[in-house]
Amino acid sequence: MRLVVLVSGTGTILEAIIGAGIPVALVVSDRPCPAIERAETAGVEAVVLVRENFGADFDRHGYTVRLTSLLEEAAIDLVAMAGFGTILAAPIYDRYAGRILNTHPSLLPAFPGWHAVEDALAHGVKMTGCTVHQATLAVDSGPILAQEAVAVLPDDDAASLHERIKAVERRLYVEVITRVMADEPVAAR
């Protein structure tokens, strides 16, 4: 099974995937970022498909069609989003239905969206965590594959809480990707 990892940031999740020995066929980013350097250092092909090249108003459909074509050209079977900062349009979800994974720093359905850690702190929850789910056209709404809780400590700020969540997230995402690539069941619930 050929895996692509979609990235936008530092690449710590990508590093965990590669470090676990999961074969990564391709890394794609929507912007220049440290994750691309991590991929190249590991000898993994990396492509930057820059959002800004798709118009001032961002042609989401055009971007998604180009990304989907790139994945088809690389014979990709499984897509893993790892901090990918671009919301994609229907063509990729049609082409890779049920084969796009995402990780999110909350216990979905609580706190969907880009500011999940900050939202959890603002709401005063005592427990949050991370979720691995199938990505769908509706953001952070696909079937949940795995979750793990992380306690919110009294002195937490967004950075300290997010770092503890990311430590769990890296391990949990590697476990789920490993099972999916081995065709082992991962019960959506």
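Any read-out appearing in this document is the output of simple, stated calculations on the displayed coordinates, not a laboratory observation. Worth saying up front: this structure is predicted, and the values here are computed from it rather than measured. All Cβ positions, glycine included, derive from the backbone under ideal geometry; neighbour counts span all protein chains shown.
Structural remarks
- Computed over neighbours whose Cβ is under 10 Å from that of residue 88, the net charge equals 0, Lys and Arg +1, Asp and Glu -1.
- DSSP bridge analysis restricted to the chain gives an antiparallel fraction near 40%, rounded to the nearest 5.
- Computed over the chain, the per-residue total of -39500 (n - 2.57) for DSSP H runs of n ≥ 4 gives a 222 nm mean residue ellipticity of -11000 deg cm²/dmol, rounded to 500.
- Paramagnetic label reach from residue 182 (point 7 Å along Cα→Cβ; backbone nitrogen cut-off under 20 Å): within the range 49-92, residues 77-80.
- The simple Förster model, with R0 at 25 Å and r as the Cβ-Cβ distance, assigns residue 45 and residue 125 a FRET efficiency of 0.05.
- Other-chain or far-sequence residues with amide H under 5 Å of residue 48's (modelled H): 29
- Proxy reagent accessibility, fewest Cβ within 10 Å first, across 100, 17: 100, 17
- Shown here is the pair-distance distribution of the chain: with all Cα-Cα distances grouped in 10 Å bins from zero up to the longest one, the shares run 9, 37, 37, 15, 1 percent.
- Pairwise Cα distances in the range 1-71 exceed 21 Å in 26 percent of cases.
- GNM top mover of 50, 79, 28 - the chain, alpha-carbon springs below 10 Å: 50
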